[in-house]
Amino acid sequence: MSSADTDSLLAGDAQAPLPEVVDHVAVARLYGEPLFALPTDLYIPPDALEIFLEAFEGPLDLLLYLIRKQNFNILDIPMAAVTRQYLSYVDEIRSRNLELAAEYLLMAAMLIEIKSRMLLPPKKTAEGEEAEDPRAELVRRLLEYEQMKLAAARLAEVPQFGRDFLKAQIYVEQSLQPRFPDVALADIQQAWADILKRAKLVQHHKIRREELSVREHMSMVLKRLQGRRFAPFEELFDPSKGAPVLVVTLIALLELAKETLVEITQAEAFAPIYVRLAFTPN
């Protein structure tokens, strides 16, 4: 598309005049140098100002571009002007890339339909209700698309890895001496206390059998009875030596009674029990 066609599509049939001066001095700047007059042999190729539809992200993007370019109110779109300009873009691209222009033709058909519905008289509605605007659905889609486009632009401004910054890499000398943290005395004491607690949990209990001789305790009982006529049964036992000694003493006493070396007597029921020798020692 040539520059004349572009200007006629965006601003009507009138061609925009060139600025008289730039920076209040020159009409233009070329490579930073002021240009006070346009060269007479300046040649602009026909395709120099060609607009490629690939630059737009879809039909809604092109339509929004046309509306914002001419400062139209998106809530009150002049369908006639916008449709005419949109169809001019599509007609221009159809001769170059028919496959790309196919998706734009669907939007063109929608614009023509909306324009036709606006030419028809409004449908009758109930009292107090406004007639539905044929442009309402298109306006809603344009507003949603514009919000998403602005959100995408804000996301693109967020720094990205690989585009705006790189990961820093630092070489660390491997031969450096490792520095260990200082250890306080209280920490060592606490560690030692934990070790002792674990040692108590795994300690072994060994039970040894005390070897007691029945014959030896029989001799001890006989020695206690010597020189005594009667001895109370309880005096022959020493509770301070523990239960094993008491048991062995009782067995020794019973063995002595079995061998008729001692006599165990009781005057009456529930009376105290006495023990005496069954023989008279020499």
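The values are calculated or read from the model by the stated rules, or taken from the named source; none is laboratory data. Predicted, not measured: the structure shown is a model, and the values here were computed from it. In this analysis, Cβ positions are derived from the backbone assuming ideal geometry, glycine residues included, and neighbour counts consider all displayed protein chains.
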Can you give me the number of residues within segment 199-218 that are over 30 Å from T249 (Cβ atoms), of a type outside the set (S, T, N, Q) and in a loop (DSSP other than H, G, I, E, B)?
2
What are the pairs with Cβ atoms under 8 angstrom where one residue, in segment 208-222, is closer than 15 Å to A257 by Cβ and the other, located anywhere, is loosely packed, with under 11 Cβ neighbours inside 10 Å and not basic (K, R)? Sequence gap at least six, or different chains.
none
Among the residues of segment 136-147, are any modelled with pLDDT under 80, of a type outside the set (D, E, K, R) and farther than 17 Å from G58 by Cβ?
no
Can you find a residue that is of a type in the set (K, R) and either closer than 30 Å to Y65 by Cβ or modelled with pLDDT of 80 or more (or both) anywhere in segment 160-182?
yes
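Modelled with pLDDT under 90 and hydroxyl-bearing (S, T, Y), is that true of S240?
Taking the combined requirement at face value, the residue satisfies it.
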Check off (1) under 30 Å from A271 (Cβ atoms); (2) part of a helix (DSSP H, G or I) for L196 and give me the number that stays unchecked.
(1)
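A quick yes/no check of all residues on (1) within 15 Å of L138 (Cα to Cα); (2) among the aromatic types (F, W, Y); (3) touching a helix residue (DSSP H, G or I) at 6+ places or on another chain (Cβ under 7 Å); (4) not assigned by TED's automatic domain parsing to the domain that holds E137:
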| site | (1), (2), (3), (4) |
| --- | --- |
| I67 | yes, no, yes, no |
| Q85 | no, no, yes, no |
| Y89 | no, yes, yes, no |
| R94 | no, no, yes, no |
| Y104 | yes, yes, yes, no |
| M107 | yes, no, yes, no |
| E113 | yes, no, no, no |
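Would you mind finding the one in A37, A55, A16 that is modelled with pLDDT under 60 and either aliphatic (A, V, I, L, M) or surrounded by 15 or more Cβ atoms within 10 Å (Cβ to Cβ) (or both)?
Answer to the selection: A16.
Does L236 meet the test of being surrounded by 10 or more Cβ atoms within 10 Å (Cβ to Cβ), touching a Leu at 6+ places or on another chain (Cβ under 7 Å) and not β-branched (V, I, T)?
Taking the combined requirement at face value, the residue satisfies it.
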